[in-house]
Amino acid sequence: MTVQDARKEVRPKSLYASHEKIYPQRIFGRFRLIKWVALGVLLGLYYVAPWLRWDRGQGVPDQALLVDLPGRRAYFFWIEIWPQEVYYLAGLLMLGAFGLFLATSLLGRVWCGFTCPQTVWTDLFLWVERWVEGDRNKRMKLDKEPWSVRKLGLKLSKHGIWLLIALLTGGAWAMYFNDAPTLVRDFVTLRATPTQYGFIALFTATTYILAGWAREQVCIYMCPWPRFQSAMFDERTMLVTYEEWRGEPRGKVKAVAADGGKMGDCVDCNLCFHVCPTGVDIRNGQQLACIGCGLCIDACNGIMAKVGRPQELITYDSIYNQAQRSVGQPAKHRFVRARTVFYTLVIALIGAAMVVSLALRSRLDISLQADRSPLFVRLSNGDIQNGYSIKILNMVRIPANYAVSVSGIDGLRIKLIGEDDNILSVPGDSVGTFRLLLHAPAKALSDASTPITVMVEDQTTHEKSSHDAVFRGPAK
């Protein structure tokens, strides 16, 4: 043996396996139908929602769902959210998070398998791939063939349709931040802004790459959700499972038929593996890459029906029920558990708080900023003057008049620069900024800092908003 041969023998194996392309096979069944319905509904909502109209009055966007960044508003049908109300966004995120926790506790990875955007768009792209190139075996054969005019035409057709879907997806996303008809007209006539073109290109590229090329690798390597979802599982959680006690030992159809009952029901056809969009063999147990879509259940049920064996060898069930069946005990679903009750209560509390807050939220708000230099001025008559900038936010569509009052110091006088009295006018749906001067007798001040309260009252609705501040004076 030469030194070179010896080096080859001791050379360590690579720590990383090269990626093997997955070719999911077409399948029909209950779970495939559910996925088609979910895909149709979710894509329909996504593409149609920006075109829905909602009349809010003259001069206001009439798009039902719109995040108007230039106008600093978010519109959701009759609900209008201002920038300072970003806590509603936090509430929605919390509802989404705990809703996901609850769904996972009850039904396993139902989000990943049916409603996750990565799953939905990958499903759509796979459907295009099958339509253009054929089912699993044809696609595998095509990829192994040398390049030809036919192969080039099929590949260009597939990627062309993918890019078109990606463009429609990126454009639809941009429509949630721009008026949909206006954006389409400007895009087609080349009058859209570079920012609009840039973001549409970005979303188009990410859709094309993630759904067309990355596919299951997003679920396995990029998404953090599979790595901590098991914290929400328990023995009662519904999962896609394999009845190993019934299916093992495996054998081919003829062997199973002639074994005299010694072999399991699994005929080792591998169809459950071939239909999996992430390349998981569910017979090896629960795995991080399994998204719980149930296509392997459809595949196995079809085979069991053909060979005359009981269905649900691969089934959607809990680990507890599997253990019960394996020893001949009755199985029972239990959805009301401590964690599901907790998640439900949290969702109910957050939802109720948001509803009450929306129902009772004020349409008036003020902010006050005291002068920093000088902190106070001593007038010729001995009084102490403080200056403030006051901003009044009128969150209704019509102009309003507001009366300003201040409490906390005896003998305090109010002066509004540019105003003859203490009444301020603010146009509808806008912020009014004013200059406020307060004069206080020196003898009324007991300390260098005296708390005061500035109150603003709508003269029509009598709605009030207040702001606590301090009045500065000389140290005693």
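The values are calculated or read from the model by the stated rules, or taken from the named source; none is laboratory data. Remember, predicted model here, so these are calculated numbers, not experimental data. Positions of Cβ are backbone-derived with ideal geometry, glycine not excepted, and every protein chain shown enters the neighbour counts. Surface accessibility is based on the protein's heavy atoms, side chains included, excluding ligands, DNA and RNA. Shrake-Rupley method; radii C 1.70, N 1.55, O 1.52, S 1.80 Å.
Please work out the average accessible area per residue across the range 336-476, using the 1.4 Å probe convention, and give it in Å².
On the way: 7840 Å² over 141 residues.
So the range 336-476 comes to 56 Å² accessible per residue, rounded to a whole number.
Among ILE319, PHE114, VAL307, which residue has its Cα positioned farthest towards the positive end of the charge dipole of the chain, with +1 placed on the Cβ of Lys and Arg, -1 on the Cβ of Asp and Glu, and the dipole taken about the Cα centre?
VAL307
For the chain, what mean projected area does the convex hull of the alpha carbons give, in nm²?
Quarter of the Cα hull surface area: 40.5 nm².
How big is the dipole moment of the range 108-250 about its Cα centre under a simple scheme where the beta carbon of each Lys and Arg is +1, that of each Asp and Glu is -1, and everything else is neutral? Debye, nearest 20, please.
Numbers: 18 positive and 14 negative charges, 119 e Å.
Approximately 580 debye in magnitude.
Along the range 438-452, what does the Karplus equation 6.51 cos²θ - 1.76 cosθ + 1.60 (θ = phi - 60°) give for ³J(HN,Hα), rounded to whole Hz, x for Gly and Pro?
Residue by residue, the range 438-452 yields 10, 10, 10, x, 4, 5, 7, 9, 9, 8, 6, 9, 10, x, 9 Hz.
Identify, among ILE200, LEU167, VAL218, the residue whose Cα sits farthest towards the positive end of the charge dipole of the range 124-228, taking +1 on the Cβ of Lys and Arg and -1 on the Cβ of Asp and Glu, with the dipole about the Cα centre.
VAL218
If you place +1 on the Cβ of every Lys and Arg, -1 on the Cβ of every Asp and Glu, and leave all else neutral, what size is the dipole of the range 419-476 about its Cα centre, to the nearest 20 Debye?
Numbers: 5 positive and 9 negative charges, 105 e Å.
So the dipole magnitude of the range 419-476 works out to roughly 500 debye.
Helix 149-175 against the longest principal axis of the chain: what's the angle in degrees, Cα atoms only, rounded to the nearest 10?
30
Give me a comma-separated list of calculated 3J(HN,Hα) values for the range 409-423, in order, Karplus coefficients 6.51, -1.76, 1.60 applied at θ = phi - 60°, integers in Hz, x for any Gly or Pro.
9, 5, x, 6, 10, 10, 9, 9, 4, x, 10, 7, 9, 9, 9
What is the helix-to-structure angle for 30-48, meaning the angle in degrees between its Cα long axis and the longest Cα principal axis of the chain, kept from 0 to 90 and rounded to the nearest 10?
Its long axis makes an angle of about 30 degrees.
Which ³J(HN,Hα) values in Hz, rounded to whole numbers, follow from the phi angles of the range 380-386 under the Karplus curve 6.51 cos²θ - 1.76 cosθ + 1.60, where θ = phi - 60° and Gly and Pro get x?
Residue by residue, the range 380-386 yields 5, 8, x, 5, 9, 10, 10 Hz.
Per-residue accessible area for CYS300 at 1.4 Å probe radius, Å² rounded to 10?
20
Taking the Cα centre as origin and putting +1 on Lys and Arg beta-carbons and -1 on Asp and Glu beta-carbons, what dipole magnitude results for the chain, to the nearest 20 debye?
1860
Of PHE76, TRP36, TYR46, which is farthest towards the positive pole of the range 18-99's charge dipole, taken about the Cα centre with +1 and -1 on the beta-carbons of Lys, Arg and Asp, Glu respectively?
Highest projection toward the positive end goes to TRP36.
Hey, what's the range 21-115 come to in accessible area per residue, 1.4 Å probe, Å²?
55
Return one whole number: the accessible area per residue of the range 266-333 in Å², for a 1.4 Å probe.
Accessible area per residue, the range 266-333: 42 Å².
Which percent of the accessible area of the chain is formed by carbon and sulfur heavy atoms (probe 1.4 angstrom)?
Summing carbon and sulfur atoms, their accessible area is 64 percent of the total for the chain.
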